[in-house]
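See structure below.
The values are calculated or read from the model by the stated rules, or taken from the named source; none is laboratory data. Not measured: the values here are computed from a predicted model. Neighbour counts run over all protein chains shown; Cβ positions are idealised from the backbone, glycine included.
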Amino acid sequence: MEYHFIGSKTNHPKPGRVPNCIKWCPPTINSFKLNTDGATHADAGRGGLGGLFRDHNRKWLKGYSKACSLMSIVQDELLAILHGLRIAETDNLLPLEIDTDCEQAVRMIVEITQVQKAKRWERRKPNLYRPRHIKNSQLFFIRRNEIAAAAAPATVLAEFLVNSLDFSTKEAISTSAKLSRSKHRHYDPHLLFDLLDEMGMNKSQIKTLVSSSPQLLFCRVDENLKPKIKVLQGLGLSVSQLATFMTRSNFLTRGLDTIIQPNLVYLRDLLPTHHHVAMILIKEPRLLSYNLPKVMPPNISLLQTFGFSTPHILKAFHRHPRFLLNSPEWFEKAVHRLVKDFHMPLSSGMFLHGVEVLVFLDESKLERKLDIFRSFGWSDSDICRMVQKLPYCLASSEAKIRTTLKFFMNELGYEPNYLASRAPLLKFSLEKRILPRNEILKFLKENQLLKGSLCLYTAVSFSESDFQKKCVLPFREKMPEMYDLYMKSRS
């Protein structure tokens with residue numbers, strides 16, 4: 001279409017279009033020029049590429065075009081360049097200049113070239129290819145095999161994912177794009193599949209794992225992956241737990257002897273049983289990425305100096321595994337603020353919960369959240385009472401705090417001291433719990449179906465099964481529409 005509009009006899013562009021004047025420049029004397037282009041048609045599920053060669057006299061020498069499977073536009077552009085370079089080598093159309101309108105393709109090629117710059121100049125050859133972006137006259141010197149390195153693996157990977165793991169074309173393109181700038185030196189996915197199959201993973205689990213961590217396809221399976229999986233299996237993790245762990249962690253980039261094994265030894269010494277180690281790693285797989293023997297002991301010692309016993313600290317660690325990975329300075333600030341600003345005694349059962357919250361909140365974020373409460377008329381004593389009851393109220397996002405307060409205070413007319421004394425109301429999900437139960441409760445009261453009084457706080461504090469047993473199932477026939485809406489909200 002680009003060449004169609006350039007060669008059109010129409011002198012006046014259609015209304016609303018801005019003319020884009022593009023001038024073809026011939027190559028230098030005794031050299032050749034290759035113009036390439038690629039295209040992708042997502043709806044039709046296919047792509048295409050093409051190119052043409054001319055000499056310095058503007059004479060057309062050769063052209064090519066071919067269809068290809070649906071990939072990203074950048075991959076199509078790179079394949080168009082690669083195909084042209086193969087023809088140039090075969091027909092000796094050298095030296096060669098290349099024009100492409102894909103800036104990202106040029107950038108990727110240049111990045112590969114820069115990485116290998118030292119080696120290239122040591123063994124350079126006289127014939128160099130010069131691709132050029134038509135909007136930028138700067139010339140980039142590269143080799144044909146470097147373009148192949150950028151285009152071919154991503155193309156092969158996309159096709160492989162579609163054929164072997166039932167990826168959709170869109171999923172395959174998205175996954176392969178994550179690796180478009182990586183070095184693919186060990187591409188043999190069958191080795192990975194054999195290993196995962198031996199472990200007992202099904203195709204769905206493998207697909208999820210590859211989608212989230214496609215770099216696994218290019219790892220050294222025998223040297224790198226197998227030994228690490230063997231260590232994890234030694235913890236007693238099930239196949240599904242291993243799949244979840246591998247999906248959520250970056251353990252592949254961590255050394256087995258330098259990071260993973262020392263971390264496991266430390267956790268085995270710290271926690272009561274191997275089962276506890278396994279459970280905490282399932283909850284937070286990224287733990288193995290840290291240097292735990294160095295990071296955690298100072299924080300444990302600091303909390304012990306404030307009078308907290310090791311069992312209580314480990315309970316907090318189980319609740320929030322990344323809790324002990326902060327710097328000791330943050331712990332000191334959190335303890336100081338709980339005591340001074342929120343008047344929470346160290347003996348309070350909620351104190352460590354408060355530390356868990358505050359170590360992840362910087363001063364500015366905490367102040368913004370407190371200002372939201374104040375904007376709704378909360379006094380400092382109201383805020384202190386809430387924090388003492390349930391510090392996790394401060395862990396909610398600013399949007400949730402504002403929306404929840406607006407509902408309870410503006411719509412239901414609750415006072416700050418009432419909410420502060422019943423802090424769990426502020427943590428329950430507004431959409432999934434509070435609003436549906438409030439509608440049920442309002443209907444029951446309006447129709448005098450309830451025996452005795454039941455406040456919203458009590459209603460939302462019930463477990464789901466208890467709430468349905470007391471307030472939903474007995475009145476199903478009297479409120480069929482309400483019942484259906486409530487059950488849909490639960491699903």
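Report yes if Phe331 is in contact with a Phe, Trp or Tyr (Cβ under 8 Å, 6 or more places away or on another chain), more than 20 Å from Leu242 (Cα to Cα) and of a type in the set (Phe, Trp, Tyr), otherwise no.
In short, no.
From the residues in the stretch 179-207 that are farther than 18 Å from Asn224 by Cα and exposed (fewer than 14 other Cβ atoms within 10 Å of the Cβ), which one is modelled with the lowest pLDDT?
By that ranking, first place goes to Arg181.
Check whether at least one residue in the stretch 352-375 is modelled with pLDDT of 95 or more, farther than 30 Å from Ala278 by Cα and not in a helix (DSSP H, G or I), and report yes or no.
no
If a residue has to be of a type outside the set (A, V, I, L, M, F, W, C), over 24 Å from Lys170 (Cβ atoms) and in a strand (DSSP E or B) to count, how many in the stretch 51-81 make the cut?
Residues that pass the stated criteria total 7.
Which condition number does Phe323 fail, the rest of (1) buried (at least 19 other Cβ atoms within 10 Å of the Cβ); (2) without any contact (Cβ under 8 Å) to a residue 24 or more places away in the chain being met?
(2)
From the residues in the stretch 471-486 that are surrounded by 13 or more Cβ atoms within 10 Å (Cβ to Cβ) and touching a residue at least 12 places away in the same chain (Cβ under 8 Å), which one is nearest to Ile434 (Cα to Cα)?
Checked the stretch 471-486; the qualifying residue nearest to Ile434 (Cα to Cα) is Tyr486.
Within the stretch 157-178, can you find the residues that are of a type in the set (Ser, Thr, Tyr) and surrounded by fewer than 17 Cβ atoms within 10 Å (Cβ to Cβ)?
Result: Ser164, Ser168, Ser174.
Sort out which residues of the stretch 305-319 are assigned to a loop (DSSP other than H, G, I, E, B) and either modelled with pLDDT of 95 or more or out of contact with any helix residue (DSSP H, G or I) (no Cβ under 7 Å at 6 or more places or on another chain) (or both), and write them in order of number.
Gly307, Ser309
Can you name every residue in the stretch 382-422 that is of a type in the set (A, V, I, L, M, F, W, C), closer than 24 Å to Ser348 by Cβ and in a helix (DSSP H, G or I)?
Listed by number, the residues that qualify are Ile383, Cys384, Met386, Val387, Cys393, Leu394, Ala395, Ile401, Leu419, Ala420.
Hey, could you check the stretch 87-96 for residues that are exposed (fewer than 14 other Cβ atoms within 10 Å of the Cβ) and either modelled with pLDDT of 90 or more or assigned to a helix (DSSP H, G or I) (or both) and say which is nearest to the chain's Cα centre (by Cα)?
The extreme case among them is Thr90.
This table checks each residue for (1) part of a loop (DSSP other than H, G, I, E, B); (2) under 16 Å from Arg322 (Cα atoms); (3) within 23 Å of the chain's Cα centre (by Cα).
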residue: Thr208; (1), (2), (3): no, no, yes
residue: Asn224; (1), (2), (3): no, no, no
residue: Ala243; (1), (2), (3): no, no, yes
residue: Met246; (1), (2), (3): no, no, yes
residue: His275; (1), (2), (3): no, no, no
residue: Ile282; (1), (2), (3): no, yes, yes
residue: Leu287; (1), (2), (3): no, yes, yes
residue: Ile300; (1), (2), (3): no, yes, no
residue: Leu303; (1), (2), (3): no, yes, no
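Of all residues in the stretch 355-381, which are more than 28 Å from the chain's Cα centre (by Cα) and over 25 Å from Asn410 (Cβ atoms)?
If the condition is that a residue be more than 28 Å from the chain's Cα centre (by Cα) and over 25 Å from Asn410 (Cβ atoms), then no residue fits.
Residue by residue, here is whether (1) without any contact (Cβ under 8 Å) to a residue 24 or more places away in the chain; (2) surrounded by fewer than 16 Cβ atoms within 10 Å (Cβ to Cβ); (3) more than 34 Å from the chain's Cα centre (by Cα) holds:
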site	(1), (2), (3)
Ile383	no, no, yes
Cys393	no, no, no
Asn410	yes, yes, yes
Arg422	no, no, yes
Phe467	no, no, yes
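Could you list, in sequence order, the residues of the stretch 443-477 that are over 14 Å from Arg490 (Cβ atoms), in a helix (DSSP H, G or I) and aliphatic (A, V, I, L, M)?
Passing the criteria: Leu444, Leu456, Ala459.
Just wondering, is there one or more residues in the stretch 105-124 that are assigned by TED's automatic domain parsing to the domain that holds Phe32, part of a strand (DSSP E or B) and at pLDDT 75 or above?
No, that holds for no residue.
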